[in-house]
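Enquirer: Next up is a structure, given as structure tokens.
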Amino acid sequence: MRDVLASGWYILGPQGEAFESEFAGFCGAAHGVGVANGTDALELALRALEIGPGDQVAAVANAGGYSTAAIRAIGAEPLYIDVEEDSMTMDSRALAAAIGPRTRAVIVTHLYGRVADMPALLAAAGSVPVIEDCAQAHGARLCGRVAGVWGALGCFSFYPTKNLGAVGDGGVVVTGNSVLAARVRSLRQYGWISKYRSISAGGRNSRLDEMQAAVLRVKLRYLEEGNVRRRKIAYLYNRWLSGAGLKTSAVGNEHVAHLYVVRSALRDGLRDALRSASIGSDVHYPVPDHLQESARGRRWAAGGLPVTERCCREVVTLPCFPELRDEEVRMVAEAVCSFSAPPAETCLCY
Ligand SMILES: *Cc1c(COP(=O)(O)O)cnc(C)c1O
């Protein structure tokens, strides 16, 4: 950070270039293009695919609304696809059933740190390009293959709380396709091909600055270690919550446990109990995109999304971050168990 300050070069310089190639290398992608944040990464990926007004983009409605914001920013419209009961990620059968001639792209969100069923989703998408939203899945894998290199483009956020976080906003788009990489590169800076010469309509100002890149280069070295610790915490929760009568999230060796999410029909009571024990919790996410006030009057989910809606009513996120100590995980698990266990019984969670 001192070197960046002393250099006097703060935007699109050597740190950014080094980070782009280091992060692309980490993913095994040929190209990385730094952008200002994860939502811009999604928007610029859509623009690079030349999606626009009149086009439909398939996406899920239980992932915080980021893809919806990107889709609406380019004047396209979302086509909401329901999620699978277990993984809470996009259901490939629902995608295959819903995809139509106006569907020009699919955004798959690797929710909570788990890679969605990409082989099935890519098959369902057929020739329609797939964008991966990897903002919760830095380093997550499926069958050994990392998030971000399955589809046409992979989009990452470096918001401070992500598994790889900057000291401000940041994002990157990775791709194996040099034409798409060049388009994102141009779009992130006014549509320029070189200084003051614009070749792409829809250009933006969306750059990753040198200070963020310098920090990210250092923190990238600790990403795997942090992911291992998050996964360990998730395993501990799964063990200690096994008697709590909740639906816990599956944690495979390839998940990166961005969030540890359980499901409970008594969510609000559980959150109150945690709050009185001074334990923070959150809900990711309480309102599905198609039921948001900003979607009023639109018919983007005419058929309804029963699994999505049930998830949004039941999910609750427990503390899960690398700095959390085992005793603290145990304390949280105990608080959850004492709320969930029937009063006459002893808690047999661990
Ligand atoms: C955080 C997040 C984003 C958005 O990233 P920003 O950098 O905050 O714009 C997009 N998608 C998902 C799934 C996220 O969790």
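Enquirer: Find the accessible area per residue for the range 2-220; the probe is 1.4 Å, ligands and nucleic acids are left out, and the unit is Å².
Expert: Averaged over the residues of the range 2-220, the accessible area is 37 Å².
Enquirer: Provide the percentage of antiparallel DSSP beta bridges, counting only those with both residues in the chain; round to the nearest 5.
Expert: Of those bridges, close to 60 percent are antiparallel.
Enquirer: Helix-derived [θ] at 222 nm for the chain: sum -39500 (n - 2.57) over DSSP H runs of at least 4, divide by residue count, nearest 500?
Expert: Helices in the chain give a 222 nm mean residue ellipticity of -11000 deg cm²/dmol.
Enquirer: Mind checking which of A301, A277, P78 is farthest towards the positive end of the chain's charge dipole, using Cβ charges of +1 (Lys, Arg) and -1 (Asp, Glu) about the Cα centre?
Expert: Going by the Cα projections, it comes out as P78.
Enquirer: Taking θ as phi - 60°, what are the ³J(HN,Hα) couplings along the range 281-286 by the Karplus curve (6.51, -1.76, 1.60), each to the nearest whole Hz, with x for Gly and Pro?
Expert: 8, 8, 10, 10, 9, x
Enquirer: Still on this model: Antiparallel versus total DSSP beta bridges in the range 1-110: what percent is that, nearest 5?
Expert: The antiparallel proportion sits near 10 percent.
Enquirer: Taking θ = phi - 60°, what integer Hz values does the Karplus form 6.51 cos²θ - 1.76 cosθ + 1.60 yield along the range 59-68, in sequence order, with x for Gly and Pro?
Expert: Per-residue couplings from phi come out as 7, 8, 10, 10, 10, x, x, 5, 5, 4 Hz.
Enquirer: Taking the chain as a Gaussian network, where each spring joins two C-alpha atoms under 10 Å apart, which residue of R296, R104, R330 fluctuates the most?
Expert: Among R296, R104, R330, the largest mean-square fluctuation in the Gaussian network model of the chain belongs to R296.
Enquirer: When the Karplus curve 6.51 cos²θ - 1.76 cosθ + 1.60 is applied with θ = phi - 60°, which whole-Hz ³J(HN,Hα) does each residue of the range 105-121 get, with x for Gly and Pro?
Expert: So the J values, rounded to whole Hz, are 7, 10, 9, 9, 9, 7, 5, 6, x, 10, 6, 5, 6, 4, x, 5, 5.
Enquirer: Working from Cα positions, state the angle (0 to 90°, nearest 10) between the long axis of helix 267-276 and the longest principal axis of the chain.
Expert: Result, in degrees: 80.
Enquirer: Work from the charge dipole of the chain (Cβ charges, +1 for Lys and Arg, -1 for Asp and Glu, about the Cα centre) and give the residue of G148, T317, V251 farthest towards its positive end.
Expert: Of the candidates, G148 comes out farthest on the positive side.
Enquirer: Ok, one more. Out of all DSSP beta bridges in the range 63-156, what portion is antiparallel? Express it as a percent rounded to 5.
Expert: 30
Enquirer: Can you give me the Rg/Rh ratio for the chain, using Cα atoms for both radii and the Kirkwood formula for Rh?
Expert: Rg/Rh: 0.99.
Enquirer: Among L223, N238, A58, whose Cα projects farthest towards the positive end of the dipole of the chain, with charges put on the beta-carbon of Lys, Arg (+1) and Asp, Glu (-1)?
Expert: Looking along the dipole axis, the top candidate is A58.
Enquirer: Scan the range 61-169 for GluC sites (Glu not before Pro) in coil per DSSP, keeping those whose Cβ has at most 15 other Cβ atoms within 10 Å, and list them by number.
Expert: E85
Enquirer: While we're on this one: As I understand it, the value is the acute angle between the Cα axis of helix 210-220 and the longest principal axis of the Cα atoms of the chain; what does it come to in degrees, rounded to 10?
Expert: With rounding to tens, the tilt is 50 degrees.
Enquirer: Still on this structure, please answer the following. Pull up all non-local amide H partners of V35: gap of 5 or more, or a different chain, and H-to-H distance under 5 Å with H placed in the peptide plane.
Expert: G171, V172, V173, L208
Enquirer: Calculate the FRET efficiency for V287 and Y190 from the Cβ-Cβ distance with a Förster distance of 30 Å, rounded to the nearest 0.05.
Expert: Between V287 and Y190 the formula returns 0.30.
Enquirer: Please give me, ordered by residue number, the chymotrypsin sites (Phe, Trp or Tyr not before Pro) of the range 1-86 that lie in loop per DSSP and have at most 15 other Cβ atoms within 10 Å.
Expert: Taking the range 1-86 and a limit of 15 other Cβ atoms within 10 Å, the loop chymotrypsin sites (Phe, Trp or Tyr not before Pro) found are W9, Y10.
Enquirer: Specify the angular offset, from 0 to 90 degrees and rounded to the nearest 10, of the alpha carbon long axis of helix 223-240 from the longest principal axis of the alpha carbons in the chain.
Expert: Taking the Cα atoms of the chain, the angle to 223-240 is about 20 degrees.
Enquirer: Now a separate question. Amide H to amide H under 5 Å from V115: which residues, 5+ apart in sequence or cross-chain, H placed 1.01 Å off N in plane?
Expert: R141
Enquirer: For the chain, what is the charge dipole size about the Cα centre, in debye to the nearest 20, if Lys and Arg each add +1 at the Cβ and Asp and Glu each add -1 at the Cβ?
Expert: Computed about the Cα centre, the dipole is about 560 debye.
The values are calculated or read from the model by the stated rules, or taken from the named source; none is laboratory data. Source: prediction; values computed, not measured. Cβ: placed from backbone, ideal geometry, glycine included. Neighbour counts: every protein chain shown. Keep in mind that these areas ignore ligands, DNA and RNA; they rest on the heavy atoms of the full protein, side chains included. Shrake-Rupley method; radii C 1.70, N 1.55, O 1.52, S 1.80 Å.
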